[in-house]
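Peer 1: Below are the structure tokens for one structure; questions will follow.
The values are calculated or read from the model by the stated rules, or taken from the named source; none is laboratory data. Just so it is clear, the model here is predicted, and its values are computed rather than measured. Every residue, glycine as well, gets a Cβ built from its backbone with ideal geometry; the counts of neighbours run over all protein chains shown.
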Amino acid sequence: MSSAALTLDVCMPGTIRVGQHAFRCALGPAGIVTSKKEGDHATPAGSFPLRRVMYRPDRLERPKTELPIRSIQMSDGWCDDPGHADYNRLVALPHDGSHEVLWRDDHVYDVVVEIGHNDDPPTPGEGSAIFMHVADDGYTSTEGCVALALDDLLQILEMAGPGSLLRINPA
């Protein structure tokens, strides 16, 4: 498939549509909200550009995509500390602020798509680390991200290119 600017539409209950394709996805247990707050377990509503793809090179080959891409390193983290200057940014570990570790033992961050939520510039407390990533086997709720089966996420990335948007529609 050729890469192009796509609009990926997410709507409750847990479906993402890309053109004629529909994929199952997991969202935050608090549903879709128009006013995202750190730690609210909700998925933010809005249209967000797909910024960058990160992947675990020890677990899979480089995904096929025209989006910017980098491999996840063991020292990669994501700052989720609203009081830190690095809030909602990729950081090197160890890090003195609260953060997520991107090199995880489970497989949910084997592929991570950074989306443009609260990043230009980040506003403290309005949500961090909102990604598209791999769903666990039971499509368990996320902390606010959009999670898909690995094969579905890879298929979407192959279709996506610069200018692609993740549009999360409120219920």
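Peer 1: State all residues of segment 141-171 that are polar (S, T, N, Q) and modelled with pLDDT under 95; if no residue qualifies, say none. Lay out the reasoning, then the answer.
Peer 2: Filtering segment 141-171 for residues polar (S, T, N, Q) gives 141-142, 155, 164, 169.
Result: ASN169, single match.
Peer 1: Just one of (1) among the charged types (D, E, K, R); (2) surrounded by fewer than 16 Cβ atoms within 10 Å (Cβ to Cβ); (3) within 14 Å of the chain's Cα centre (by Cα) trips up GLU100, so point out which.
Peer 2: (2)
Peer 1: Does any residue of segment 128-135 turn out to be in contact with a Phe, Trp or Tyr (Cβ under 9 Å, 6 or more places away or on another chain), within 23 Å of ALA22 (Cβ to Cβ) and in contact (Cβ under 8 Å) with a residue 40 or more places away in the chain?
Peer 2: Going residue by residue through segment 128-135, those that are in contact with a Phe, Trp or Tyr (Cβ under 9 Å, 6 or more places away or on another chain) are 128-131, 133-134.
This time we only want the ones that are within 23 Å of ALA22 (Cβ to Cβ), so: 130-131, 133-134.
From what's left, in contact (Cβ under 8 Å) with a residue 40 or more places away in the chain: 130.
Yes, there is a match, as at least one residue in segment 128-135 is in contact with a Phe, Trp or Tyr (Cβ under 9 Å, 6 or more places away or on another chain), within 23 Å of ALA22 (Cβ to Cβ) and in contact (Cβ under 8 Å) with a residue 40 or more places away in the chain.
Peer 1: Among the residues of segment 64-115, which ones are in contact (Cβ under 8 Å) with a residue 60 or more places away in the chain, within 19 Å of SER128 (Cβ to Cβ) and either in contact with a Pro (Cβ under 8 Å, 6 or more places away or on another chain) or aliphatic (A, V, I, L, M) (or both)? I'd like the intermediate steps shown before the answer.
Peer 2: Here is the first cut: in segment 64-115, the ones in contact (Cβ under 8 Å) with a residue 60 or more places away in the chain are 64-67, 113-115.
Next, from what is left, pick out any that are within 19 Å of SER128 (Cβ to Cβ): 113-115.
The answer is VAL113, ILE115.
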